[in-house]
Amino acid sequence: MNLDQSGTYLFGKVIRDNREFLIPFLLFAFLFLILLGVTGNSELFLSVNRHNSDFGDFLFYYWTNLGDGIIAAILIVALLWISFRDALTFLIITLLITVIVNILKDHIFPEMNRPVAYFGTSQILHLVQGYTPPILSTFPSGHTATAFSAGLYICFFSKNRVLKFMLFVAAFLVGYSRMYLSAHFPADVVAGASLGVLTTLICFFAFRKIGSSWMDKKIEYIPKFFIRKKSL
């Protein structure tokens, strides 16, 4: 099998094995793009934002933190027990996403404001007590990109189809939380999710082509806390 064939095989296998995450992602992105074309970015945002409850306030106030950089950092450390290749791959993915998001927000689309600044008043927005939405630099959503990236990468190491779908749901809810909390518009969320998925897939395939024996090594040490004692 030559390199092109092996690369094509790997690509097809990864897509097939993770379809429980990737197909819902494609459906979500396609649906939101249609709704954006029909209703517009601001109207679709208001349609999401105005559907709220006390439970939603509590849930999304905390759920949105799954898109923080600390989650990516924890995953990078955990991957050291899988392989140095995977830890390095996800580190590069995280750095690339961070750089791309910052360039897009601050240098390419700096004039695009967050919902609070766009509407000029918070009276028509639902604001969650204790959370202060950012005002500037909205496109794309970094939290959503991180959530979809981490969720998809975890899928690569699981054979559980239900878990793969639940990881999509978890990532989707991070994106939804950004609209619920008046932090981002729908277009920001779709762009962030797409950035996270595409960057993860590209880097995953690229690093699989690097031939290096040390990269396939891993940390062997297992803390005593995780060692199950034999029963007498």
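Observations
- Length gained on full extension, Ile222 to Ser83: 48.6 nm, using 0.36 nm per residue less the C-alpha separation.
- The chain: relative contact order as a whole-number percent, Cα under 8 Å and 6+ apart: 31 percent
- The stretch 109-152 - Kirkwood radius from inverse mean 1/r over Cα pairs (Å): 12.0 Å
- Cα-centre dipole for the stretch 1-75 with unit charges at Cβ (Lys and Arg positive, Asp and Glu negative), debye to 20: 240 debye
- Cα-based shape type of the stretch 1-78, given that a ≥ b ≥ c are square roots of the gyration tensor eigenvalues and the cut on a/c is 1.5: oblate
- Within the chain, longest stretch free of exposed trypsin sites (Lys or Arg not before Pro) [DSSP loop, at most 12 other beta carbons within 10 Å]: 51-158
- Each Lys and Arg contributes +1 and each Asp and Glu -1, all at the Cβ; summed about the Cα centre of the chain, the dipole is approximately 1100 debye.
- Taking other Cβ atoms within 10 Å as a rough exposure proxy, Met112, Met215 sort from fewest to most as Met215, Met112.
- Rg [Å, one decimal], Dmax [Å, integer] - the stretch 59-208, C-alpha atoms: 15.7, 51
- For the stretch 125-186, the orientation-averaged shadow of the C-alpha convex hull comes to 4.8 nm² (one quarter of the hull surface).
- As a proxy for reagent exposure, Asp216, Asp188 were ordered by neighbouring Cβ count within 10 angstrom, fewest first; the result is Asp216, Asp188.
- Relative exposure of Ser194, Ser141, judged by other C-beta atoms within 10 Å (fewest first): Ser194, Ser141
We did not get these values from a lab; they are worked out from the coordinates using the rules stated. What you see is a predicted model; the values in this text were computed from it and never measured. All Cβ positions, glycine included, derive from the backbone under ideal geometry; neighbour counts span all protein chains shown.
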